[in-house]
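Here is the structure we will look at, set down as structure tokens.
The values are calculated or read from the model by the stated rules, or taken from the named source; none is laboratory data. Remember, predicted model here, so these are calculated numbers, not experimental data. Positions of Cβ are backbone-derived with ideal geometry, glycine not excepted, and every protein chain shown enters the neighbour counts. Ligands, DNA and RNA are stripped out before the accessible areas are found, and what is left, the full protein with its side chains, is counted by its heavy atoms. Shrake-Rupley method; radii C 1.70, N 1.55, O 1.52, S 1.80 Å.
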Amino acid sequence: WYIDGIREGADKLDNELQTMASGLISTQPKLEMKQFIYNDLHPNNFILDESFDVAGVIDFGFVSTGDVHREFQQMYKICPSITQDFVMMYASQTGTTISMDSIAWLAKVDSLNYYMKLKQSKNIRPESLERVRKELLEIV
């Protein structure tokens, strides 16, 4: 279901985003590890103590069940290198194999779906839509 909206709306995208959509559709990873996930993991949701150790996590509004790779997609959009460090730490502590390619794929799909929803909105300013488009194209 991650890619359904992109399949349905790809023909309404410009050439550059159509190419991205086609690539995402053709490279969909196998995502099946169902578990309880926080689903909003990024630095703004961590509370740090005086030593900069994580003392807590806030904002549980997106908690759901899903593939473990989804856990890291928001962080990946903000900073792929920090995400790599978190994934290595998570994998070593849980024994779970995590694919950075799958995380990147999810981040792109999520961002493209968001862009497509914004594009359908009558209340979005063109410059805001263009900013989101540029951010989408910058996801590595």
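Could you provide, to the nearest whole Å², the per residue accessible area of the chain with probe 1.4 Å?
62
For a label point 7 Å from the Cα of GLU8 along Cα→C-beta, name the residues of the range 88-128 whose backbone N is under 19 Å from it.
Residues passing the 19 Å test: 109-122.
Within 10 Å of each candidate Cβ there may be at most 14 other Cβ atoms; applying that plus a DSSP loop requirement, which chymotrypsin sites (Phe, Trp or Tyr not before Pro) in the range 34-140 survive?
PHE52, PHE60, PHE62
Using only helices, what value at 222 nm comes out for the chain when you add -39,500 (n - 2.57) per DSSP H run of length 4 or more and divide by the total residues, to the nearest 500 deg cm²/dmol?
-16000 deg cm²/dmol
With the contact rule set at Cα under 8 Å and sequence spacing of 6 or more, what percent relative contact order holds for the chain?
In percent, rounded to a whole number, it is 23.
Starting from the Cα-Cα distance between THR96 and VAL63, subtract it from 0.36 nm times their residue separation and give me the gain in nm to one decimal.
9.9 nm
How far apart, in nm, are the 7 Å Cα→Cβ label points at MET89 and TYR114?
2.2
How large, in percent, is the carbon and sulfur part of the accessible surface of the chain at a probe radius of 1.4 Å?
53
Obtain the nm distance between the two label points defined at ILE25 and ILE124 by a simple spin-label model: each point lies 7 Å from its Cα along the Cα-to-C-beta direction.
Taking the simple label geometry, ILE25 and ILE124 are separated by 1.9 nm.
Please report the equivalent ellipsoid semi-axes of the range 35-94, computed as sqrt(5 x eigenvalue) of the Cα gyration tensor, largest first, in whole Å.
18, 15, 12
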